[in-house]
Structure formats: C-alpha cells, structure tokens
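Coordinate-derived values only; no laboratory data. These figures come from a predicted structure and were not determined experimentally. Cβ: placed from backbone, ideal geometry, glycine included. Neighbour counts: every protein chain shown.
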Amino acid sequence: MRWFLLFIILGSLLSCGYQLEGRPPQFSPAWKSIYVPVWKNPTADIQFGEIMSEALRERIELAGDLRLVNDAEEADLILEGELLSVWVGGLSYNVYTQTLERRVSVRAKARLVERKTGRVIWQNDHIYRYEDYPVVQEVKTEEVDPGREVALEKISKDLAEIIYHQIISSF
C-alpha cells in the first residue's frame with residue numbers, strides 16, 4: 001500500500017510540470033554571464049532606474065544560474081529595461097484636500113539580448129505594476145512622501161521577480 005501511495009504522489013509531482021528553480025534545459029549552455037545596466041529612466045523619479053536594475057541583479061544572483069558581470073563586453077547576455085512612466089494618484093480622502101491613501105503605478109519594458117549576435121531572446125513591452133500605500137499625515141523625516149519610496153522599493157522587487165520568471169518560463 002505504501003509503494004502504491006508513493007507511486008501516486010511521485011506521479012502527481014512529475015505530471016504537474018513542477019520543476020526546481022534553476023537554468024531551464026533549453027537555455028543555451030554558452031550563456032554563462034549576464035550584465036544588467038541601469039534602466040533608462042525619463043521619469044521624474046530619477047533614482048528608480050538604479051533601484052530597478054539593482055533589484056534585478058539581486059534576483060538573478062539569488063537564482064545562481066548566471067554570473068553577474070560589471071561590464072557589457074564580458075557578458076553573454078544583457079538584460080536591459082526602460083521605465084515608461086511612474087504615476088502617483090490619490091485613492092481615498094478624508095476631506096477634499098487631505099489624501100489618506102495613494103497608488104503608485106509603474107509601466108516599463110525590458111528585453112534580454114544575446115550580446116554577440118544582438119538577437120533578442122526575450123522581450124516584454126507591457127510590464128505594469130502598482131502598489132497602494134497610506135499617506136503619513138505627520139512627516140517626521142525630510143522625505144516629502146516616505147510611503148512612496150517604500151512602495152517603489154516593493155514594486156522593484158515584484159517586477160524583478162516577474163521579469164525573471166517570464167524569462168525562465170519562455171524557454
């Protein structure tokens with residue numbers, strides 16, 4: 001009976017498409033290193049391009065299937081991106097002029113390029129993420145909107161996770 005149960009469980013795990021994280025089998029063995037430049041950022045949030053590329057570097061490093069390099073010329077792959085917009089708007093109000101909650105929305109695009117050939121391996125021109133946050137009424141720091149910074153940090157980590165998994169699942 002135990003063998004039968006073990007067989008059923010093992011069969012279920014193998015049939016559902018579950019696999020351990022890591023290099024996909026169709027990922028070229030020639031791709032060993034990746035370069036992630038600072039994202040292009042024409043928005044008013046001037047540091048968000050750096051924050052976004054750093055979040056991607058951390059996610060790639062966590063996976064461990066590619067070596068991060070600091071120079072594009074040393075890389076087999078280049079993961080580049082561009083922020084299209086960063087928008088903040090009010091969600092709820094106490095009175096007409098007092099905002100209680102805001103939403104920050106980010107639109108971006110990214111692509112993975114094989115450096116030697118220039119071939120685009122993966123691309124997504126419609127990346128979107130938002131985060132809602134409470135507005136701090138009595139600001140005790142020099143930051144104008146501290147909740148916004150926290151929300152942008154969360155968005156960068158979420159987008160890095162989404163982009164990484166989209167790339168891996170495309171193979």
Taking placed amide H atoms and a strict 5 Å upper bound, the residues 5 or more places from Arg102 or on another chain that come that close are Leu91, Tyr133, Val135
The simple spin-label model distance between Val120 and Leu100, using points 7 Å out along Cα→Cβ, in nm, is 4.4 nm
Got a sec to turn the phi values of segment 53-59 into Karplus ³J(HN,Hα) couplings, 6.51 cos²θ - 1.76 cosθ + 1.60 with θ = phi - 60°, whole Hz, x for Gly and Pro? 5, 5, 5, 5, 4, 4, 5
Reachable lysines from Lys32, Cα under 23 Å, same-chain residues fewer than 8 places away excluded? Lys116
Taking the Cα atoms of segment 36-132, report the difference between the largest and smallest coordinate on each principal axis, in whole Å and largest first. 57, 24, 20
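Counting other beta carbons within 10 Å of each Cβ, put His126, His165 in order, fewest first. The partial results should precede the final answer.
On the way: His126 8, His165 13.
By the 10 Å Cβ count, ascending, the order reads His126, His165.
Rank these for me by crowding, Leu56, Leu159, Leu62, going from fewest to most other beta carbons within 10 Å. Intermediate values should be presented prior to the final figure.
On the way: Leu56 25, Leu159 22, Leu62 11.
Starting with the residue having the fewest Cβ neighbours, the order is Leu62, Leu159, Leu56.
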Taking 0.36 nm per intervening residue step and subtracting the Cα-Cα distance, what contour gain separates Gln47 from Asn70 on full extension? 6.4 nm
Contour excess over end-to-end distance, with Cα ends at Asp158 and Met1 and 0.36 nm allotted per residue: 52.1 nm
